[in-house]
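Worksheet: the structure to be examined is printed underneath.
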Amino acid sequence: MKNRAFGVFYRKYEQILEKEILSSEIPDHIAVIMDGNRRYAGQLGKARSFGHAMGAEVTEQVIEWCYEIGVKQLTLYALSTENFHRSEEEVDGLFNLINEKFLKLYGDKRTYEKEMQVRVIGDRIRLPAFLNESIEKIETATEHHRKFNLNVAIAYGGRQDIMQAVRDIATCVSSGKLSLEEVDENLISKHLYPAPGVSVPNVDLVIRTGGDERVSNFLPWQANGSECATYFCAPFWPEFRKIDLLRSIRVYQARKDEKKQEHSYRASEVINFLGIGKCGEKSEELGPLLPVNKQRVS
Ligand code: IPE
Ligand code: IPE
Ligand code: MG
C-alpha cells in the first residue's frame, strides 16, 4: 500500500518535472559516466556481473528517455582504458554484455524507427574480434541515420584519444597531405574518435552517477572549454531513474539561465559605465535590466 502510494506520487512528480523542463531548452548532447554497478551489486550481496547486467538495462531505458525528451546526441562511457586493469573475467564479461546489447540494438526495429545512428569511440584494437564485428554491423546499418546519435565509449580514454589524433595529424603534415596552417580546432575534432572525418560534438551536460565527483578522462576535448554543465548524483547506475535525468536537465537549464543573467548584467554594467542608456536614456533608468540579486544598492 505504502509502495503503491509512493509509486503514484513518484509518477506525478516525474510528470510535473518533465513538463517543466520541456518548457525550456533541452541540451543537445548529454554524456554519461555510468558508475556504481559493482557497489550496487555488493550492497545486495550479488556478483559483480549482476550489477553490470542491471546497469545495462538502465542504459537501454536512458536511451529511450533521452530520445523522447528531444536530446539529439547521447554519449555513454561503457569501458575506459583504465578498466582493462580489472580481472580478465570481469573485462570479458563486460565485452560479452556490450556485444549482446549491440546485437539487440541491431535487431530492434526501434533503432530504425528512431533513425538512431550508433558509433563507437575508443581504441578498437583492444577489443575482441567478435565485438568489433558487432560494432561494424551496427555502425554500418545505422550510418545514414540522422535523428539521434548514440556514441558508445569503449576502451576509451580522453588523453589516448587526443594522442592518436595528434599522431594522425602529424603523419598527414609530414607527408604533405596537410599544412600546419590547416591545423585548427575543427580539424583536431575531426581526427578524434570516431575518426576519420566524423566528430563527436561539444557536450552540453555531463552526468555521473555513483557519488564520485570526477570526470575520469572522459571527453576532455568535447566537454572542456565548451562550458558544459556537470551533474553528479548519488544513485548507483542501476538505480538511475527518469527523475534523475530530468533533474540533471533542470540543472543544465539553471546554468544556462545564470549565464544569460550574467551576460545581461555585464552588458548593463558597460552601459552604466559609459553613462548612456537605451536611446539616450539615463543609465539609472536601466535598473530593471539587472538580475535582482545583482542590482547595485548605491
Ligand atoms: C561502472 O560501474 C561500470 C564500468 C566501469 C564498466 P563500476 O564497475 O565502476 O562499479 P563501481 O563504481 O566499482 O561500483
Ligand atoms: C568510470 O568508472 C568509467 C566508466 C563508467 C566506464 P570507473 O569506476 O572506472 O571510474 P574511476 O576510474 O574510479 O574514476
Ligand atoms: Mg566505478
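How many residues are in contact with a helix residue (DSSP H, G or I) (Cβ under 6 Å, 6 or more places away or on another chain) and under 24 Å from LYS256 (Cα atoms) when one looks only at the stretch 172-217?
Within the stretch 172-217, residues that are in contact with a helix residue (DSSP H, G or I) (Cβ under 6 Å, 6 or more places away or on another chain) and under 24 Å from LYS256 (Cα atoms) number 7.
Consider the stretch 192-206. How many of its residues are more than 15 Å from the chain's Cα centre (by Cα) and open to solvent by 30 Å² or more (accessible area, probe 1.4 Å)?
So the answer is 4.
Could you pull out the residue among SER175, SER199, SER216 that is within 16 Å of ligand 1 (Cβ to nearest atom) and among the small types (Gly, Ala, Ser)?
Just one listed residue meets the conditions, SER216.
Tell me, please, whether a residue that is closer than 21 Å to GLU213 by Cα and either more than 16 Å from ligand 1 (Cβ to nearest atom) or at pLDDT below 95 (or both) can be found in the stretch 68-82.
Checking the stretch 68-82: at least one residue is closer than 21 Å to GLU213 by Cα and either more than 16 Å from ligand 1 (Cβ to nearest atom) or at pLDDT below 95 (or both).
Can you give me the number of residues within the stretch 227-276 that are in a loop (DSSP other than H, G, I, E, B) and within 30 Å of ARG39 (Cα to Cα)?
Of the residues in the stretch 227-276, 7 are in a loop (DSSP other than H, G, I, E, B) and within 30 Å of ARG39 (Cα to Cα).
Give the stretch 26-44 a look and list any residue that's within 15 Å of ligand 3 (Cβ to nearest atom) and under 13 Å from the mean Cα position of the chain (by Cα), or say none.
Of the residues in the stretch 26-44, the ones within 15 Å of ligand 3 (Cβ to nearest atom) are 32-43.
Matches in the stretch 26-44: VAL32, ILE33, MET34.
Within the stretch 45-68, can one find any residue that is within 14 Å of ligand 3 (Cβ to nearest atom) and within 17 Å of the chain's Cα centre (by Cα)?
Yes: one or more hits.
The values are calculated or read from the model by the stated rules, or taken from the named source; none is laboratory data. Quick caveat: nothing in here was measured; it's all calculated off a predicted structure. Because the Cβ atoms are built from the backbone with ideal geometry, glycine has one as well, and the counts that use them run over all protein chains shown. Side chains are part of the model used for accessible areas, which takes the heavy atoms of the whole protein and leaves out ligands, DNA and RNA. Shrake-Rupley method; radii C 1.70, N 1.55, O 1.52, S 1.80 Å.
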